[in-house]
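Q: Here's a structure for you.
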Amino acid sequence: MAQNDSLENQNNETTSPHKPVSNFDINHFFADNRKMIMYVGGGLVALIILFFGYKKFISEPDEIEAETKIFYAEQYFNADSLNLAIKGDGQHMGLQELVDNYGSTTAGKRASYLLGIALYRQAKYDEAIDHLENYDLNDLILQPEALGMIGDCYIEKGENEKAVSYFVKAAEVSKNNFTSPRFYKKAGLVYESLKEYEKAKGYYEKVQKEFPESEAAKQDIEQLIARAEAMMENEK
C-alpha cells in the first residue's frame, strides 16, 4: 500500500500541470547572454533619448518657427494675391519656400494644401496635384477637400476616370454631412459624363439615403436620380 502511494506521488510530480517552473533556466539564460542584453537595452535607451532629443530640440522649434512664418503667406492667399502667396514678398516666405524648408511640420503640410489650391487656380494642374497629395494631416474637412481638389485637377486635364476615383476617396475618407454628399454627387456627375448612368444613379442614391439632411440632398438629388434612370431607359 505504501509502495503504491509512493508511485502515485511520483506520477503526480511528473504530470502535474501546476508544477512550479524553476528559475534556474532563466538565471542561466541571463548569465550566458548578459552582454547581448546590455547592448540591446543600451540601444533602446539611446533610441529613446534620440527620439525625445529630436522632438525637443528640432521638431518642436521647427513647428513654432513654421507657424510664425506662414502667417503672411496665408494672408496673401486669403486676399487672392496668388503670386505673393506662392513666392513671398521678398521679406516673408511664400508657400513654396515654406514647403521646401518646413514640409514635415504641421504648418508645412498646410502650406502644401494652400500651394496646391493656388497652383490649381493658375491652371498648373500637375504641380497642384503633387502638392495636394502631400497634405496628410487627416483633418476631417481639409483632407477630403484636398482629395476633391485633386479630382478637380484631373477634370481639367480631361482625365475623368482618375477624377471620379478621387471624388469617391474624398467622400469616404471622412464621412460627414458636409463633404461626403458633395463629393458623392460630383462622382455621380462625372459618371454621367462618362455615360455610366447606373453608377451615377448609385452615387446619387448614396447622397439621398445616407445624407438626407445634407445640402446636396435637399437641392436636386431627386431630379438627378430621375435623370440617370431616364438615361438608363433610353439605352435599353
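Q: Yes or no: segment 131-147 includes at least one residue that is among the hydroxyl-bearing types (Ser, Thr, Tyr), under 20 Å from Ile70 (Cα atoms) and touching a Cys at 6+ places or on another chain (Cβ under 7 Å).
A: No: zero hits.
Q: Can you find, within segment 93-144, the residue that is surrounded by the fewest Cβ atoms within 10 Å (Cβ to Cβ) among those that are among the acidic types (Asp, Glu) and either under 23 Å from Val164 (Cβ atoms) or within 14 Å of the chain's Cα centre (by Cα) (or both)?
A: Going through the qualifying residues, I end up with Asp126.
Q: Would you check if there is a residue in segment 113-126 being in contact with a Phe, Trp or Tyr (Cβ under 7 Å, 6 or more places away or on another chain) and among the aromatic types (Phe, Trp, Tyr)?
A: Yes, segment 113-126 contains a residue that is in contact with a Phe, Trp or Tyr (Cβ under 7 Å, 6 or more places away or on another chain) and among the aromatic types (Phe, Trp, Tyr).
Q: With (1) under 18 Å from Gly148 (Cβ atoms); (2) at pLDDT 95 or above; (3) of a type outside the set (Phe, Trp, Tyr) as the list, and Ala226 as the residue in question, which single condition is left unmet?
A: Looking at each condition in turn, Ala226 falls short on (1).
Q: Here's something else I'd like to know. Tell me the helices (runs of 4 or more DSSP H) entirely within segment 105-211 that contain at least 2 residues that are of a type outside the set (Lys, Arg) and not assigned by TED's automatic domain parsing to the domain that holds Asp80.
A: Qualifying helices (runs of 4 or more DSSP H): 142-156, 160-172, 179-193, 197-210.
Q: Is it the case that Asp100 is out of contact with any Ser or Thr (no Cβ under 8 Å at 6 or more places or on another chain), more than 21 Å from Lys186 (Cα to Cα), acidic (Asp, Glu) and part of a loop (DSSP other than H, G, I, E, B)?
A: So Asp100 does not fit the description; no.
Q: List, please: which pairs have Cβ atoms under 6 Å, are six or more places apart or on different chains, and start with a residue in segment 209-223 that is polar (S, T, N, Q) and end with one that is surrounded by 13 or more Cβ atoms within 10 Å (Cβ to Cβ)?
A: Cβ pairs passing all conditions: Ser214/Asn177; Ser214/Pro181.
Q: Also: Hey, Pro181 hits all of (1) over 23 Å from the mean Cα position of the chain (by Cα); (2) under 26 Å from Glu133 (Cα atoms); (3) crowded, with 22+ Cβ neighbours inside 10 Å but one; which does it fall short on?
A: So the condition that Pro181 fails would be (1).
The values are calculated or read from the model by the stated rules, or taken from the named source; none is laboratory data. Keep in mind the model is a prediction, meaning the values are calculated, not measured. As a convention, Cβ positions derive from the backbone with ideal geometry for all residues, glycine included, and neighbour counts pool all protein chains shown.
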